[in-house]
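Right, one structure below, let's go through it.
The values are calculated or read from the model by the stated rules, or taken from the named source; none is laboratory data. The shown structure was predicted, so the numbers you read here are calculated from the model rather than taken from an experiment. Cβ placement follows ideal geometry from the backbone for every residue including glycine, while neighbour counts extend to all protein chains displayed. With ligands, DNA and RNA removed, areas are computed over all heavy atoms of the protein, side chains included. Shrake-Rupley method; radii C 1.70, N 1.55, O 1.52, S 1.80 Å.
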Amino acid sequence: MSRRQAPADARQALADALTAEYAAIYAYGPIGVRLTGADRRGARSAEAAHRARRDALVLQLSAGGGQVPADRAGYALPFPVTDRAEALRLAVEIEERTAAFWRAVLPVTSGADRTRALNALTDCAVWATRWRRAARVTPVTVAFPGRPG
Amino acid sequence: MVLTCPVATGRRTANSGESGRTRRTVLRAGALLAAGGSTGPLTGCDLFDGDEPPPPPDPLEPLAGESRELAARHRAAIAADPGLADRLTPIAEAHAAHADEIHRLIGRPAPSGAATGGATPTPGGRAALLAALREAEQRGRQSAAKACAEAPGERAALLGSVAAARATHVEALT
């Protein structure tokens with residue numbers, strides 16, 4: 001754990017996590033408009049968490065002095081979101097997907113960086129569980145959040 | 001970044017993934033700082049076989065034990081309140097899968113028979129049962145997060161998944 005990681009690895013993993021966060025923020029746009037009430041409030045809250053992590057990553061990667069991946073105007077969604085069920089299904093997918101990118105940060109970081117990555121992985125996993133419950137998907141949990149399936 | 005190929009549905013519980021590299025030889029040699037990839041020269045186990053004392057416990061043994069204990073707690077809760085089976089069985093299975101994966105990482109099998117017995121059901125109704133499980137998962141989340149923070153890189157991903165899973169259990173029990 002005291003081993004110094006090759007900076008390129010951690011930097012690449014964090015840059016990948018940043019692009020995943022950009023995509024998640026984008027996806028919550030179409031998700032949010034198909035939800036109402038508590039679901040919509042949840043979507044806002046989840047999106048805010050992705051935005052906070054995006055901002056922190058942009059700062060962190062900028063401080064390193066290298067290239068910071070840029071956000072794009074749009075991202076291809078895996079399926080069209082036309083109703084609540086599809087919105088919830090996409091929300092689950094987005095959180096699982098983002099969790100996988102944060103999990104990939106863990107092996108190449110240590111200390112505070114790893115702790116932040118674990119907190120992000122955990123937050124995404126918990127949101128995936130909340131969205132599965134909202135969608136009445138069972139079980140609401142997976143055994144290894146973020147692990148490539 | 002294209003979202004069309006979903007990554008990581010995370011539904012598999014066995015076989016894929018974590019390094020199966022044995023750590024035993026490294027630990028026996030006292031190389032506790034094992035920084036990964038350095039097991040090469042010692043892969044012939046017979047070098048240390050014979051009258052050697054048993055290897056020192058792996059720092060992840062307690063976490064694996066905690067996974068087995070959590071699995072047993074959930075099973076005991078199901079026995080006390082079978083109506084909770086649908087909700088708690090996947091969680092019990094996840095803990096058992098965690099224990100297996102941690103032991104794979106350690107390179108030693110779980111002690112036999114360790115998962116049976118032990119956990120006694122909490123007195124009180126369903127709410128008390130669930131509250132006790134939530135507390136146990138919350139404590140478990142903290143210990144797994146600590147283990148993840150302290151682990152060498154090659155162990156961090158699995159331990160992160162274990163910590164995150166325990167956090168989702170707290171949510172699922174709410």
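Let me check I've understood the local charge: for A:A134, count other residues with C-beta under 10 angstrom from its C-beta, Lys and Arg +1, Asp and Glu -1. What total comes out?
Values: positive: A:R84, A:R130, A:R132, A:R133, A:R136; negative: A:D39.
Overall, the nearby charge balance is +4.
The relative contact order of the range A:7-134, computed from alpha carbon pairs under 8 Å that lie at least 6 residues apart in sequence, is 34 percent.
Phi-derived couplings, Karplus 6.51 cos²θ - 1.76 cosθ + 1.60 at θ = phi - 60°, listed residue by residue for the range B:132-146: 5, 5, 4, 4, 5, 5, 5, 4, x, 4, 5, 5, 5, 5, 5 Hz, with x used for Gly and Pro. For a quick check: with amide H placed at 1.01 Å from N, whose amide H comes under 5 Å from B:D58's, ignoring anything fewer than 5 positions away on the same chain? Hits under the 5 Å cutoff: none. Residue-wise HN-Hα couplings along the range A:37-45, as the Karplus relation 6.51 cos²θ - 1.76 cosθ + 1.60 with θ = phi - 60° gives them from phi, are x, 5, 4, 5, 4, x, 4, 5, 5 Hz; Gly and Pro carry x. Surface calculation, 1.4 Å probe, protein heavy atoms: A:V142 sits at approximately 10 Å² accessible. The local environment of A:A24, defined by Cβ-Cβ distances under 14 Å, has a net charge of -3 under the rule Lys, Arg +1 and Asp, Glu -1.
Other residues whose C-beta falls under 15 angstrom from the C-beta of B:A79 contribute a net charge of +2, scoring Lys and Arg +1 and Asp and Glu -1. Under 17 Å from a label point set 7 Å out along the Cα-to-Cβ vector of A:S45, the amide N atoms of the range A:93-133 belong to A:95, A:120, A:122-133. Using a Gaussian network model of chain A in which every pair of alpha carbons under 10 angstrom is joined by a spring, one finds that among A:R41, A:R132, A:R116 the greatest mean-square fluctuation is at A:R41.
Our coupling estimate for the range A:65-80, obtained by passing each phi through the Karplus curve with A = 6.51, B = -1.76, C = 1.60 and θ = phi - 60°, is x, x, 6, 10, x, 8, 6, 10, 5, x, 10, 6, 7, x, 7, x Hz, Gly and Pro reported as x.
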